[in-house]
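Working notes for the structure below.
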Amino acid sequence: MSLVLIIDDDSVVREAIKDILELIDVEVICAANGPEGIKAYKENRERVDGIIIDRRMPLLDGMATIQELRKIQTDIPIIMSSGYADEDLMQSQNLNQEKPNAYLCKPYEIDDLIQLVEQLILKQ
């Protein structure tokens, strides 16, 4: 069974993503912020197949958290979600390994989430 780490400061969003992924037989670990997500990843690194992370969070935002996660494992698939229409976010794709593998703009359709997870994370 695949394992996905969800890092999002909104508990409703975390639970919704968790419920959706469990429908397609994906196990989920949740974290409420960047430092908690990094800790959860380190503790479960051998089992985590991919990460879904929010762009804007307190303590450590999504991009800074990705930078730390990429120091641990450069090729872990990461999907970033954001409720903001951030032009500079989309242009930040020149950040090389610090960038996410894909972006998902909130609000998104359940099918879009499932499709990205299947393409980027479950393909392994």
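General remarks:
- Residues that are surrounded by fewer than 18 Cβ atoms within 10 Å (Cβ to Cβ) and not polar (S, T, N, Q), drawn from the range 105-121: CYS105, LYS106, PRO107, TYR108, GLU109, ILE110, ASP111, ASP112, ILE114, GLU118
- Hits in the range 66-99 - residues which are part of a loop (DSSP other than H, G, I, E, B) and either buried (at least 18 other Cβ atoms within 10 Å of the Cβ) or modelled with pLDDT of 90 or more (or both): GLN73, THR74, ASP75, ILE76, PRO77, LYS99
- Conditions (1) within 15 Å of VAL4 (Cα to Cα); (2) modelled with pLDDT of 90 or more; number of the one not met by GLN124: (2)
- Residue pairs whose Cβ atoms lie under 6 Å apart, sitting 6 or more positions apart in sequence or on different chains, and linking a residue in the range 1-18 that is among the acidic types (Asp, Glu) to a partner that is surrounded by 14 or more Cβ atoms within 10 Å (Cβ to Cβ), are ASP8/ARG14; ASP8/ASP54; ASP9/ALA32; ASP9/ASN33; ASP9/MET57.
- Check on ASP19, surrounded by fewer than 18 Cβ atoms within 10 Å (Cβ to Cβ) and of a type outside the set (Val, Ile, Thr): yes
- Residues of the range 1-55 that are within 14 Å of ILE72 (Cα to Cα) and acidic (Asp, Glu): GLU43, GLU46, ASP49.
- The residue list MET57, MET63 contains one member that is part of a loop (DSSP other than H, G, I, E, B) and in contact with a Ser or Thr (Cβ under 9 Å, 6 or more places away or on another chain), which is MET57.
- Residue in the range 63-79 that is among the hydrophobic types (A, V, I, L, M, F, W, C), more than 18 Å from ASN101 (Cβ to Cβ) and under 11 Å from the mean Cα position of the chain (by Cα) present: no
The rows are residues; the columns are (1) at pLDDT 95 or above; (2) under 19 Å from LYS99 (Cα atoms); (3) loosely packed, with under 12 Cβ neighbours inside 10 Å; (4) not small (Gly, Ala, Ser).
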{"site": "VAL13", "(1), (2), (3), (4)": "no, no, no, yes"}
{"site": "VAL26", "(1), (2), (3), (4)": "yes, no, no, yes"}
{"site": "GLU36", "(1), (2), (3), (4)": "yes, no, no, yes"}
{"site": "ASP49", "(1), (2), (3), (4)": "yes, yes, no, yes"}
{"site": "ILE53", "(1), (2), (3), (4)": "yes, yes, no, yes"}
{"site": "LEU60", "(1), (2), (3), (4)": "no, yes, no, yes"}
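The values are calculated or read from the model by the stated rules, or taken from the named source; none is laboratory data. Computed from a predicted model, the values in this text were never measured in an experiment. Note that each Cβ is placed from the backbone with ideal geometry, even for glycine, and that neighbours are counted across all protein chains shown.
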